[in-house]
């Protein structure tokens, strides 16, 4: 048996909910999300980010611990990657330099206030 499943949502637990809301309020519109509730950001493809407050005694996010390492999203072109980076920087947020993989893929890894990494890359043309 095989049932087609689609990505629906991701729940992120923030140590400082107010600071994370400020970050996601600025970051998600650059990627086409619309804020539909005070803690939900809906993507045009139908999936959502649900941003909640973490338990105060919870362990902080660690990139190489068991669990989530990063979230990767793809845009059309390298120019789109840089436009997102530049717009986020213009909003007063710290942004890293882009990385170039295999001399053809431009990516930027944004970190939310808890260090959760969002990778924005672009489509690569596959040779025939």
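A few notes on this one:
- Take the conditions (1) without any contact (Cβ under 8 Å) to a residue 40 or more places away in the chain; (2) closer than 21 Å to residue 115 by Cβ; (3) in contact with a strand residue (DSSP E or B) (Cβ under 7 Å, 6 or more places away or on another chain); residue 53 misses just one of them, which is (1).
- Strands (runs of 3 or more DSSP E) wholly inside region 84-128 containing at least 2 residues that are within 11 Å of the chain's Cα centre (by Cα), within 14 Å of residue 24 (Cα to Cα) and modelled with pLDDT of 90 or more: 105-111, 117-122
- Filtering region 57-72 for residues that are under 18 Å from residue 28 (Cα atoms), surrounded by 12 or more Cβ atoms within 10 Å (Cβ to Cβ), in contact with a helix residue (DSSP H, G or I) (Cβ under 6 Å, 6 or more places away or on another chain) and at pLDDT 90 or above leaves an empty set.
The values are calculated or read from the model by the stated rules, or taken from the named source; none is laboratory data. Predicted, not measured: the structure shown is a model, and the values here were computed from it. Neighbour counts are summed over all protein chains in view; Cβ atoms, including those assigned to glycine, are modelled from backbone coordinates with ideal geometry.
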